[in-house]
Structure formats: structure tokens, C-alpha cells
Amino acid sequence: GAKPVHHLLPDGAIARPLVSGYSLQTGMGRTWLACPATGTRVASAFISYRRDATGRLWAERIQQRLEAAGFDVWRDVEQIAPGDRWRRKIADALEASGGVLCVMTAAADTSDWVDEELHYARSLGLLIVPLLVEAQFRAPFGLGGVQSLDLQGDDPQAWRTLLDLVGRHLGART
């Protein structure tokens, strides 16, 4: 896969990791990344989660909060269409993302896909942020020593911390 390079957004405020060849597009007061092959929009934050009821609920909640604040988010259920080669779509999304937000549920440790996504993200040198949403969980292999962000209590400060983190480390607002 291509290695990320840094670019500045048009307002000069945020350095944004982009995959070589990707471009920043603007229109209607928004800025987004475009894939060179297809021209489609790519995300700054990739959400990795176990597709059970709890994981889906939290992934959706996190996505809604980030999008409401103007950030691009990639999540499988909205970005993979019937007939798509989902393994390639996930790899492309990780290559184009600024980092991974890993939804830490009790079931996340047993998900082969969470493991694969995190392994590939590490190989790309992406920032991985564990988001603690359940008290009873085991961190997936390789995340045991990584500081998590606790979203369990729905603390407004924790959500502000997440938005600030995404803005500083994962990329541009749309």
C-alpha cells in the first residue's frame, strides 16, 4: 500500500496525512479527500468495531457525533455496497484514513476483523485510539499498552476530548 504524506489544508490550520496521489477537494464550504482513481470521498477517521448489537450502537453513536462536528468518518455499513470486494474496500479505507478509532466492547477481543484492521493499521503506522465503551473487555492484541478514551459515562468532556483528538490527529473537518 501507499505510504501517507503530509499536506496542509487550504486554511493552513491542520497538517493532514494523505496517501500519495490523493487530493483535497473543496466545494460548498467543505473540504474532503478524493481518491485519484475514482474521485470518491475518503475518510479521516476509520471506525473499527465488532458487529454485534453493542458494537454497532457505539460505532453509530461515535460516527454521528463526529459527523455532526464536521468530520469525515469511514464505517463499513455505509461504505461497502453489495457486490463490493469488502476486504479491498477496508484496506483502501485504512490506507486513506488518518487513524483508527477502535470501539472496545467485551466482544471486540474475539473479532478476527477487528484484529485484522488493527494489524493493518499498525503496519501503515496509523494512530490507533481505543475507545472504552464497556467495563468488561480485554484489549485486542497489541493495544494493551495504549491509553484508551473512556466514553462509558457519556461524559461531555470525554466527547470533547474525542473531537479534539480527531481534529488534531486524524484530519480535516468537512
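The values are calculated or read from the model by the stated rules, or taken from the named source; none is laboratory data. Please read all numbers here as calculations on a predicted model, not as lab measurements. All Cβ positions, even for glycine, are placed from backbone atoms using ideal geometry, and neighbour counts span all protein chains on display. Ligands, DNA and RNA are stripped out before the accessible areas are found, and what is left, the full protein with its side chains, is counted by its heavy atoms. Shrake-Rupley method; radii C 1.70, N 1.55, O 1.52, S 1.80 Å.
Can you give me the number of residues within the range 104-117 that are open to solvent by 20 Å² or more (accessible area, probe 1.4 Å) and assigned to a loop (DSSP other than H, G, I, E, B)?
Of the residues in the range 104-117, 2 are open to solvent by 20 Å² or more (accessible area, probe 1.4 Å) and assigned to a loop (DSSP other than H, G, I, E, B).
Is it true that some residue in the range 74-81 is of a type in the set (Asp, Glu) and exposed (fewer than 13 other Cβ atoms within 10 Å of the Cβ)?
Yes - at least one qualifying residue is present in the range 74-81.
Residue-wise test of (1) free of Cβ contacts under 8 Å to residues at least 60 places away in the same chain; (2) more than 18 Å from residue 143 (Cα to Cα); (3) in a helix (DSSP H, G or I).
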residue	(1), (2), (3)
77	yes, yes, yes
82	yes, yes, no
90	yes, yes, yes
102	yes, no, no
119	yes, no, yes
122	yes, no, yes
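Just name the residue that is nearest to residue 87 (Cα to Cα) out of those in the range 104-130 that are of a type in the set (S, T, N, Q) and out of contact with any Ser or Thr (no Cβ under 9 Å at 6 or more places or on another chain).
123
Restricting attention to the range 72-126, which residues are at pLDDT below 90 and of a type in the set (Ser, Thr, Tyr)?
97, 105, 110, 111
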